[in-house]
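The values are calculated or read from the model by the stated rules, or taken from the named source; none is laboratory data. Since we're looking at a predicted model, the values are computed, not measured. Because the Cβ atoms are built from the backbone with ideal geometry, glycine has one as well, and the counts that use them run over all protein chains shown.
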Amino acid sequence: MQLSKSLHGLRSLDFQAWFLVLRLWGAFFLAYVARQSIFSIFPILRTELQFSEVQLGLTGTVFLWTYALANPVAGYLGDRFSKKKLVVSSVILWSLCTVMIGFTQSVSSLLAWRAALALTQALYIPAAIALIVQMHSEFSRSKALSLHGTGQFAGVIFGGWYGGFVAESLGWRWMLWMVALAGILYGAVLLVFLKEKAEKQSSSEESANRKDTGLSTVLTTPTYVVFCFVFFAICAMLWILYAWLPDLLQAKFRLPLATAGLVATGYVQVSMVIGLFCGALLGDWLTKQHRRGRLYLMIFGLTLCSPSFYFIAAGDSLAGVKLAALAYGFFKGIFSANFLASVVDVLPKTQHGFGVGFVNMIGSIAGGLSAYLFGLLKTQFTVEQIFGLAAGLGIAGSFVLAIATWLCFLQDYQRVHPQQSISSM
């Protein structure tokens, strides 16, 4: 009887853990629809609000840099206050900001509300990731975080198509108001149904975490520092695609706005989701065999997605661009499936929120910088040259990550998991 009750409790806990991921998936999906759909209406913004090329780049840069600066603060708050309240507040507030973007009449007003959108969306990720990590062991975290991450990719795909289609059908303002309404309604659902649990720690973990209470501990962990550099490199590539690929495809192949938005996001994101699931399954399995397993997959994914990124720009035909986009997305997905699970592996539990927030800040700085510089430099350099520079940074990141995997990772892992025995492999 006692065994039966224990098994029932475990099944119930497992269901709750995965149902939590599904609830958060919806919020993540809507957040990316709201932030991504504007990139499909660059031609409309050029004509209606007289955006210049640099100002179009700033729609990505202003968002990402504001988001970047807010993330460590959001992570700090997530380590100390109710994660559920932060998630719900984020969803409601970014929806209201999206409503206001739809009322803008000038370049400066739109950019200001994009910054406000970034501030409110920054509250979400550190709290959501910490909620998922609370509910899942290290042997299911890659799958859980990857499933949640597909909300981003689905949102980018849908947002790329949705932004162009609704803007051409009903107008770009209604495009924003409709997704804002969906966000407000979903925030109310999360307020009622999202659950949070108190986390228990073993005595050895409590002892280790007491020694690692300062934020400086996160920033002086060697493997974590390397993760920040690698994330900078991969986000620079990703946001060039997010911000500029629809516009480049429309100009190079004379595609309609909706088609360019769908092609630019669909091939990358669908293959990235496939890579995510493959990488998550392999990552959780390899971690049981070798403690460095997830990092091996990250090196593999980054090494192969970087040249694929370059060939997206170098392709002479639409078919060639699509093939390169599929390859880039798949290998990027393998990397991403194991990244956040590896980040929390080298940080004490009391610093998970800040650690996720800070590395997210680094990625956002990289994305904003790349989106801006692309708009600034594309009048002086070829698209292929700019893509090649970003791809080279990715290759450098995979080399540095390989060094850290062998020299630093096991020591950093054992410092925060003193009760675990780690393989010498």
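Is the range 339-352 home to any residue that is surrounded by fewer than 24 Cβ atoms within 10 Å (Cβ to Cβ), of a type in the set (Lys, Arg) and in contact (Cβ under 8 Å) with a residue 24 or more places away in the chain? Within the range 339-352, one or more residues are surrounded by fewer than 24 Cβ atoms within 10 Å (Cβ to Cβ), of a type in the set (Lys, Arg) and in contact (Cβ under 8 Å) with a residue 24 or more places away in the chain.
Looking only at the range 63-83, decide whether some residue is of a type in the set (D, E, K, R) and modelled with pLDDT of 85 or more. So far as the range 63-83 goes, yes, one or more of its residues are of a type in the set (D, E, K, R) and modelled with pLDDT of 85 or more. In this structure, Phe374 does not satisfy being at pLDDT 85 or above and in a helix (DSSP H, G or I). Inside the range 98-115, residues that are surrounded by fewer than 24 Cβ atoms within 10 Å (Cβ to Cβ) and within 18 Å of Ala27 (Cβ to Cβ) make up a count of 1. Among the residues in the range 151-159, are any over 18 Å from Phe277 (Cα atoms) and in a helix (DSSP H, G or I)? Among the residues of the range 151-159, at least one is over 18 Å from Phe277 (Cα atoms) and in a helix (DSSP H, G or I), which makes the answer yes.
Scanning the range 40-61 for residues that are at pLDDT below 85, surrounded by fewer than 18 Cβ atoms within 10 Å (Cβ to Cβ) and not polar (S, T, N, Q) turns up Glu53, Val54. Exactly one residue out of Val356, Val343, Val416 is under 29 Å from Phe139 (Cβ atoms), aliphatic (A, V, I, L, M) and either touching a strand residue (DSSP E or B) at 6+ places or on another chain (Cβ under 8 Å) or at pLDDT 90 or above (or both): that is Val343.
Rundown of residues vs (1) modelled with pLDDT of 95 or more; (2) part of a loop (DSSP other than H, G, I, E, B); (3) among the aromatic types (Phe, Trp, Tyr), yes/no style:
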{"position": "Leu302", "(1), (2), (3)": "yes, no, no"}
{"position": "Ser308", "(1), (2), (3)": "no, no, no"}
{"position": "Ile312", "(1), (2), (3)": "no, no, no"}
{"position": "Leu323", "(1), (2), (3)": "no, no, no"}
{"position": "Phe335", "(1), (2), (3)": "yes, no, yes"}
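Filtered by the rule that a residue be under 10 Å from Leu191 (Cβ atoms), free of Cβ contacts under 8 Å to residues at least 60 places away in the same chain and crowded, with 17+ Cβ neighbours inside 10 Å, the range 78-95 gives a lone residue, Ser89.
Residue selection: Lys378 fails the criterion of being basic (Lys, Arg) and crowded, with 19+ Cβ neighbours inside 10 Å. When the criteria are applied in full, Gly163 meets the requirement of being within 18 Å of Ala34 (Cβ to Cβ), buried (at least 24 other Cβ atoms within 10 Å of the Cβ) and at pLDDT below 90. Being within 19 Å of Leu110 (Cα to Cα) and either touching a Lys or Arg at 6+ places or on another chain (Cβ under 6 Å) or among the charged types (D, E, K, R) (or both) is true of Arg173.
Conditions (1) among the charged types (D, E, K, R); (2) over 16 Å from Gly353 (Cα atoms), marked per residue:
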site	(1), (2)
Gly102	no, yes
Ser109	no, yes
Ala127	no, no
Ala130	no, no
Arg141	yes, no
His148	no, yes
Phe153	no, yes
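Residues of the range 103-137 that are more than 16 Å from the chain's Cα centre (by Cα) and among the aromatic types (Phe, Trp, Tyr): Phe103, Trp113. For the range 106-146, a residue qualifies if it is among the small types (Gly, Ala, Ser), farther than 21 Å from Val88 by Cβ and part of a helix (DSSP H, G or I), and the qualifying residues are Ser108, Ser109, Ala112, Ala115, Ser142, Ser146.
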